[in-house]
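Notes to accompany the following structure.
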Amino acid sequence: MNPLVSICCITYNHEKYISDAIDSFLMQETNFPFEIIIHDDASTDNTANIIREYEKKYPNIIRAIYQKENQFSQGIKISNTFVAPMVRGKFVATCEGDDYWTDKFKLQKQVNFLKKNDEYTACFHPVAVVDTDKNFKGRYLGLKGKSSGEYSIKDTVVGGVLHVSSRLIRSEYYTSEWPKWIKHAKHGDYAFALYLSAEGRVYYTDEVMSAYRTGVENSMMTNFRRSYTRQKDIEYHLNRIETLGM
């Protein structure tokens, strides 16, 4: 039986965190089958070995991609290039290897909504911000406190709302060839959020069901802060303006 949901996880040097992510996927209680697709981008730590152990234990659920050379550093869009072709589900849920889900009914709740509402391309929820030891930092990503309901593209433009770990997407929007302006964007997740909200309706549920981990060594945001210069900041925002003009 084909899975109804494909859980897609991209990871790199997350040996301290990847088990939390995978365990949070496996704990999902659903009335439908799901698969877990994990892409390891040539990690130099023990991440790949940890994934292999899970893959051996859950061979009917977990399917992994192990790169021999780092693809992100070559400017390759990993999701569209490597992960999307493996998707078999009608819906796609996403979460990076250093983040994790906190609600065992997350998938079931989101699938229930999209199955009943064909006009929506995706749904999402707020995300708790935690430190590397999973201690809550007292803030959220997204629209925490806003009433559940349709989410407009005006909200998307602000950014930082539709977090990767919160999304459930109709698979055709994940597996089809993405517009060039998404591939050109420096912040691909921001561009993809714009794409989803431009292609159809997007629904927000005011219920925290995942966690975003800050301070992770070698994460995109950690590296951005460490290498910050005024010129890089200008280039980043110019690229965002360019994305909005597409």
_Pairs please, first residue from region 44-64 and more than 11 Å from Ile18 (Cα to Cα), second anywhere and open to solvent by 70 Å² or more (accessible area, probe 1.4 Å) and modelled with pLDDT of 95 or more, Cβ atoms under 6 Å, 6+ apart in sequence or on different chains._
Asp45/Glu15
*State whether the residues of region 124-134 include one that is outside any loop (DSSP other than H, G, I, E, B), in contact (Cβ under 8 Å) with a residue 40 or more places away in the chain and open to solvent by 10 Å² or more (accessible area, probe 1.4 Å).*
yes
_Test of understanding: among Lys146, Lys115, which residue is without any contact (Cβ under 8 Å) to a residue 40 or more places away in the chain, over 20 Å from the mean Cα position of the chain (by Cα) and within 28 Å of Ala198 (Cβ to Cβ)?_
Lys115
_Hey, Lys109 over 18 Å from Ser176 (Cβ atoms), among the basic types (Lys, Arg), open to solvent by 70 Å² or more (accessible area, probe 1.4 Å) and in a helix (DSSP H, G or I) or not_ = yes
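Table: residues versus (1) touching an Asp or Glu at 6+ places or on another chain (Cβ under 6 Å); (2) open to solvent by 50 Å² or more (accessible area, probe 1.4 Å); (3) at pLDDT 95 or above.
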residue: Lys68; (1), (2), (3): no, yes, yes
residue: Ile78; (1), (2), (3): no, no, no
residue: Met86; (1), (2), (3): no, no, yes
residue: Ala93; (1), (2), (3): no, no, yes
*Output the number of the condition that Thr47 fails; it satisfies all remaining conditions of (1) open to solvent by 20 Å² or more (accessible area, probe 1.4 Å); (2) in contact with an Asp or Glu (Cβ under 9 Å, 6 or more places away or on another chain).*
(1)
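The values are calculated or read from the model by the stated rules, or taken from the named source; none is laboratory data. Model, not experiment: these values are computed from the prediction. With ideal geometry, Cβ positions are generated from the backbone for all residues, glycine too; neighbour counts draw on all protein chains shown. Note: accessible area is taken over every heavy atom of the protein model, side chains too, but ligands, DNA and RNA are not part of it. Shrake-Rupley method; radii C 1.70, N 1.55, O 1.52, S 1.80 Å.
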